[in-house]
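We did not get these values from a lab; they are worked out from the coordinates using the rules stated. Keep in mind that what you see is a predicted model, and the values were worked out from it rather than measured. Heads up, the Cβs are rebuilt from the backbone with ideal geometry, glycines too, and the neighbour counts pull from every protein chain shown.
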Amino acid sequence: MKIYFVLFCSILLYSTSNAQSSKAKQNVEVKIVTSAQCDMCKQRIEKALAYAKGVKSSNLDTKTKTITVKYNPAKTNPDVIRLEITKIGYDADQLKGDETAYKALPECCKKP
C-alpha cells in the first residue's frame, strides 16, 4: 500500500511539473524593430497581429519603433510574425514592407 502511495505521488509531481514547463514554452517573446511612425501605425500593426495565428499579444513602442510580441512557438515563429508586419506595409527588422501596402498607408505613417 505504501509503495502505491509513493508511486502515485511521484506520478502526480511529474505531471504537474511537466504541465508547468509546457505552459512556459507557450509564452515566448520576440522584439522586432519596425518602421512605425505614429499611434496610427501602432493601432494598425497591433490589430493585424491580433488576428495572426499563434500571437498572444503585441505592444508597439512608438518611440523606439520596437514591437514586443508574445506568441505560441507551436503555432508561429518570429519569421512569420515579421512577414505579417511587412504585409501591411511596415519594415520588420531586416525585411522591407510590401511596396503596394506601403503606398496605401496614410502620409503620417510613411518614413520621413
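Less than 11 Å Cβ to Cβ from Gly89, Lys/Arg counted +1 and Asp/Glu -1: what total charge do the surrounding residues give?
That works out to +3.
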Extension gain from Asp79 to Glu99, taking 0.36 nm per residue of separation minus the Cα-Cα distance
5.3 nm
Work out the charge dipole of the range 26-109 with +1 on the Cβ of Lys and Arg and -1 on the Cβ of Asp and Glu about the Cα centre, then indicate which of Ile88, Thr62, Asn72 is farthest towards its positive end.
Asn72
Which of the aspartates and glutamates could be linked to Lys75 by a straight reach, that is with a Cα gap under 12 Å, when you skip same-chain ones fewer than 8 residues away?
none
